[in-house]
Amino acid sequence: MMSFMRMLWFHTRLFSRNSYFSQLLISSTLSILVLQMLVANEVVGSDTSTIWIRSAVVGMWTVCTVAAGIVGYQRFQGTLVYLVMTPSSPARTLLPLIASAATFGVLAFPLAALGGMLFGNFPEISSWPTLLVGVAALWLSCLAVTTLVASVFVLTPNAITYEGLLAVPFVLLSGVFGVPENLWIGADYFRYILPTTPAVRILLEQPQREDLAPLLLLCLGVVVVWFYLSHNAMNAALDRARFKGSLEVV
């Protein structure tokens, strides 16, 4: 665990020094915040209490989408071969790299809160413990999703071009901006194949303990499934790289 934390801290520091990722975090978070504030000013009786949370979730996930091309980016830099060809399991060395995106994305929450205060929309937090649990659940959910995304998209050299396509579907399916009232009930249940869906509900609804536990258990259960799928996908990618020679590592 300590080695994982050290590697995660190392990759997160490198991630934060890249101006593109920093600009992506700031622009994606604040642009959604401003857009929601403009809409709220035009619609009488709009609920503005969760604007900063919705903005933070969008900003965090937008940063996480870079996981689609982050392994390929390491290949471009010439460092992927050193991460894969180590005495440790390749999955153990690649997980901190992928997790750096979700970890850096957590900064969207204080950024959105600060941005909201600057625009006169002060964050309303009914329960700090519930909020922290929700952020942790969202981080774990994003990590599970991005691990599978990175494992699948490493198979294509054009993964970076698909990063932008991942943001909107996951945001909508997770219910960040609500769910239509006339939505077919089967489609509503379908949204829960994403671990981010219950995590977003925890953040937006901030439920009491008796309602929090089922959502948290559901989130953790779906996270386990996504990690299992990502483990198999990563093994398949590494098999192509190390044995079949059909996936370029350098």
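The values are calculated or read from the model by the stated rules, or taken from the named source; none is laboratory data. No experiment lies behind these values; they were computed from the predicted model shown. Note that we place each Cβ from the backbone using ideal geometry, even for glycine, and neighbour counts take in every protein chain shown. Side chains included, ligands, DNA and RNA excluded: accessible areas come from the protein's heavy atoms. Shrake-Rupley method; radii C 1.70, N 1.55, O 1.52, S 1.80 Å.
For (1) assigned to a helix (DSSP H, G or I); (2) among the hydroxyl-bearing types (S, T, Y); (3) open to solvent by less than 10 Å² (accessible area, probe 1.4 Å), each residue gets a yes or a no:
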{"site": "W9", "(1), (2), (3)": "yes, no, no"}
{"site": "S22", "(1), (2), (3)": "yes, yes, no"}
{"site": "I32", "(1), (2), (3)": "yes, no, no"}
{"site": "G69", "(1), (2), (3)": "yes, no, yes"}
{"site": "I98", "(1), (2), (3)": "yes, no, yes"}
{"site": "M117", "(1), (2), (3)": "yes, no, no"}
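Which residue pairs have Cβ atoms closer than 8 Å, lie 6 or more positions apart in sequence or on different chains, and pair a first residue in the stretch 150-176 that is closer than 29 Å to G134 by Cα and among the charged types (D, E, K, R) with a second residue that is at pLDDT 75 or above and in a loop (DSSP other than H, G, I, E, B)?
Listed by first residue and then by second, the contacts come to E163/T65; E163/V66.
Of all residues in the stretch 38-50 being open to solvent by 30 Å² or more (accessible area, probe 1.4 Å) and in a helix (DSSP H, G or I), which is farthest from V106 (Cα to Cα)? Reasoning before the result, please.
We begin by selecting, within the stretch 38-50, every residue open to solvent by 30 Å² or more (accessible area, probe 1.4 Å); these are 38-39, 41-48.
Of the ones still in play, those that are also in a helix (DSSP H, G or I) are 38-39, 41-42.
Numbers: L38: 25, V39: 25, N41: 28, E42: 30 Å.
Filtering first and then ranking leaves E42.
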